[in-house]
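Here's the structure, in structure tokens; my notes come after.
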Amino acid sequence: MPIRPLVHVVAYLLLAAAPFAFGQLSNYYAEVLTTVAVFVILAASVDLVVGVAGQITLGHAAFFAIGAYSSAILTARYAVAPVVAIAAGMFLSALAAYLIGLAVLRLKGYYLAMATLGLTAVTFTLLVGVREWTGGAAGFGGIPRFRLAGFEFSDGRHYYLLVLAAAFLVVVAARTLLESAYGRALIAVHADEATATALGVDASRYKVSVFVFACALAALAGSLFAHHLRFIAPDDFTIAQSIHILVMAYLGGIGTIYGAALGAFTLQVLPEFVHHFKDYERLGTGVVLILVLAFFPGGLYGLVRGVGERMRLRRARLGEAAIGR
């Protein structure tokens, strides 16, 4: 991973942890920021599929649900360690993604979008219908707090740091993958699959593998989400949720990973500042998205990078002018 992007990520991590350094972080804002970190994982993972590999998925909420309910059921009913439950949820999500990807990602077009859309609908129906396992429409409660090496994260501020660290690692891993030879192959498949195949890239294998990896990350987010709220319900995992995650990636800047993280942060934190206009939240989100995509196709991250580039050029010109004098 190049040094400059890594410095950026470390800077964002320090910024996110700043409330601990400059004063007490209330439990309420710790909960808000924990949810933000969960959605950063979701947005970064969906960006790998949509922005990097160029495949449209409308079912990220289904894999989010697999992780959440796996952790909830295994820890609450069978006293399984949360780390093991997370691993189980990620495995189940990866297996489901592999079976779906194997069937549809060999084909061109919007087959993945249709398949994942159907999966989300089926998952929601099962969550409501299989009451003895999931609690049905009433939801599933009594999820224990996250425990690691005998330490229970009973303080929401401590759990925030844990989820923040997970989000940091996911963003770094996704960005490293993007800048690797594997990532360049994915970008080539996205740009022109026929040409990439002619050059020896196994397009279907690359598309399936990145889809499986992204869905496993979505399950990780789901598990962390379940132990955060300690109560989950089918309404948290609808098709609307999948679209919401996609909007985060497009708002921040698709195909950049950093942009997806920035979009997730923006959409999750914005309601905290405009809660007086909660009735118009969806309208406002739609307007912001349209304006950003219309005037800043690179998203919020592209806008930030553009401003930073202009500032660097201006400083360079001023430095040249000073030397010329």
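The values are calculated or read from the model by the stated rules, or taken from the named source; none is laboratory data. Remember, predicted model here, so these are calculated numbers, not experimental data. No Cβ is skipped: glycine too gets one built from the backbone with ideal geometry, and neighbour counts run over all protein chains shown.
Please work out if residue 163 is in contact with a His (Cβ under 8 Å, 6 or more places away or on another chain), within 28 Å of residue 240 (Cβ to Cβ), touching a residue at least 24 places away in the same chain (Cβ under 8 Å) and part of a helix (DSSP H, G or I). In short, yes.
Of (1) surrounded by 22 or more Cβ atoms within 10 Å (Cβ to Cβ); (2) modelled with pLDDT under 95; (3) closer than 30 Å to residue 82 by Cα, residue 189 satisfies all except one. Which? All conditions are met except number (3).
Is it the case, given these coordinates, that residue 138 is at pLDDT 95 or above and closer than 17 Å to residue 68 by Cα?
Judged against the criteria, residue 138 is not a match.
Residues in the stretch 44-54 that are outside any helix (DSSP H, G or I) and buried (at least 24 other Cβ atoms within 10 Å of the Cβ): 1 in all. Kindly indicate which of 231, 225 is of a type outside the set (A, V, I, L, M) and over 13 Å from the mean Cα position of the chain (by Cα). Matching residue, one of 231, 225: 231. Checked against the criterion of being among the aliphatic types (A, V, I, L, M), part of a helix (DSSP H, G or I) and touching a residue at least 24 places away in the same chain (Cβ under 8 Å), the candidates 121, 103 yield just one match: 121. Are any residues in the stretch 145-160 part of a strand (DSSP E or B) and touching a residue at least 24 places away in the same chain (Cβ under 8 Å), and if so, which ones? Result: 147, 148. Across the stretch 196-247, the qualifying residues are those that are of a type in the set (Asp, Glu) and in contact with a Gly (Cβ under 9 Å, 6 or more places away or on another chain), and the one among them that is nearest to residue 160 (Cα to Cα) is 236.
Considering only residues that are touching a Gly at 6+ places or on another chain (Cβ under 8 Å) and closer than 22 Å to residue 153 by Cβ, look in the stretch 88-112 and name the one that is surrounded by the fewest Cβ atoms within 10 Å (Cβ to Cβ). Taking the candidates together, the pick is 90.
Test of understanding: among 85, 115, 76, which residue is surrounded by fewer than 22 Cβ atoms within 10 Å (Cβ to Cβ) and farther than 29 Å from residue 203 by Cβ? After ruling out the rest, the residue left standing is 76. Of 20, 91, all but one fail to be aromatic (Phe, Trp, Tyr), assigned to a helix (DSSP H, G or I) and modelled with pLDDT of 95 or more; the exception is 91. When restricted to residues that are of a type in the set (A, V, I, L, M, F, W, C) and buried (at least 16 other Cβ atoms within 10 Å of the Cβ), the stretch 130-168 contains 11.
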